[in-house]
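Values in this text are rule-based calculations from the coordinates and carry no lab data. On a predicted model such as this, the values are computed, not experimentally measured, just so you know. Cβ coordinates were reconstructed from backbone atoms using ideal geometry, including for glycine residues, and neighbour counts include every protein chain displayed.
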Amino acid sequence: MPAPSSSPSPAASPAVAATAPDPSPAQGSGSASGSGSGPRSGLGPVALVISAGISVQFGAALAVMIMPRAGAAGVVTLRLAAAAIVLLLLCRPKVRGYSRSDWGTVLAFGVAMAGMNGLFYQSIDRIPLGPAVTLEVLGPLALSVIVSRRLVNVLWAGLALGGVVLLSGHGGGGLGFGSLDPLGAAFALGAGAMWAAYIVFSARTGRRFPQADGLALAMAVAAVISLPLGIAEAGSDLLVPSTLALGLGVAVLSSVLPYTLELLALRRMPAPTFAILMSLEPAIAATAGFLVLNQAMSALDALAIALVIAASMGAVRSQIRRKAA
């Protein structure tokens, strides 16, 4: 959940921000660079984005493994607190010279970040990783449809809805889509709504704060918000050395490493291309869930994921064509 200059994603990196009203993606200053100079072809940037996605989703899988120790809220607290400390040390953001409006934007960004991560981790504590990310992606997709107000994007939304119908209507057992816990699915949808808000406030923060300063400050806000919930659920278990070490691992895999890789990628490829690649997040999540957590999928499950991925990619591509026209 998750991103350099002014943003990150729950399990997901908010690169889909390229579909937001502002052309700059949820990656803040990285987006500015990404839409500018640097080579726009070659496998290098693509490899960076895919590596970032793998890092995020395998970090989420690791988080699921340590939830029995600290609970979902505890893991969120560990992740956000560790990421905030790392980013504050690296960025050393200035706190003077900003208006009340600037701080209001950072506060809203931090609230969205805390909500996105908190709801997503509650979701993957109840349902498999692949379906959770698939439902979460619907938030940015809905934002794209609302912003564009074009018929073609309504059609893409319909395609995504088809995936959701498969998700809710499949009657299989085990870890298939048909056995999804309703509360877990609701948390995933809520995380998607917060992801959309995250994208909006990430872009605004990127315009008001230099470098990654806005991200570091917002991450600190998110950590402070999550702290009481984590303490209430996990208490002193948060201070167990092994749990702290695993929490740091989640923070590195899900925040620090992918944000760095995405920032490098955005300097070498257009933001819309980046957003299209980020549409692969549900597939990467399903793979991580299968390899790390033994969360198997049927062919119908894979089709549901494919429909949502295709809808997300189509919505981004139609946005690109509109801007090019």
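Assorted remarks:
- In order along the range 118-127, the phi-based Karplus estimate (6.51 cos²θ - 1.76 cosθ + 1.60, θ = phi - 60°) of 3J(HN,Hα) comes to x, 5, 5, 5, 5, 5, 6, 6, 10, 10 Hz; Gly and Pro are listed as x.
- By the count of neighbouring beta-carbon atoms within 10 Å, fewest first, Met219, Met194 end up ordered Met194, Met219.
- Cα principal axis extents for the range 176-252, largest first, Å: 41, 38, 22
- The order of the peptides 116-126, 223-233, 237-247, 44-54 by mean Cβ neighbours within 10 Å, most packed first, is 116-126, 44-54, 223-233, 237-247.
- Remark: the range 96-103, residue by residue, has Karplus-estimated 3J(HN,Hα) of 10, x, 10, 7, 4, 5, 4, 5 Hz, where x stands for each Gly or Pro and the curve is 6.51 cos²θ - 1.76 cosθ + 1.60 at θ = phi - 60°.
- Distance from the C-alpha centroid of the range 228-260 to that of the range 63-124: 11 Å, rounded to the whole angstrom.
- Along the range 75-90 the Karplus relation, 6.51 cos²θ - 1.76 cosθ + 1.60 evaluated at θ = phi - 60°, assigns HN-Hα couplings of 5, 4, 4, 4, 5, 5, 5, 5, 5, 5, 4, 4, 5, 5, 5, 6 Hz to successive residues, with x for each Gly and Pro.
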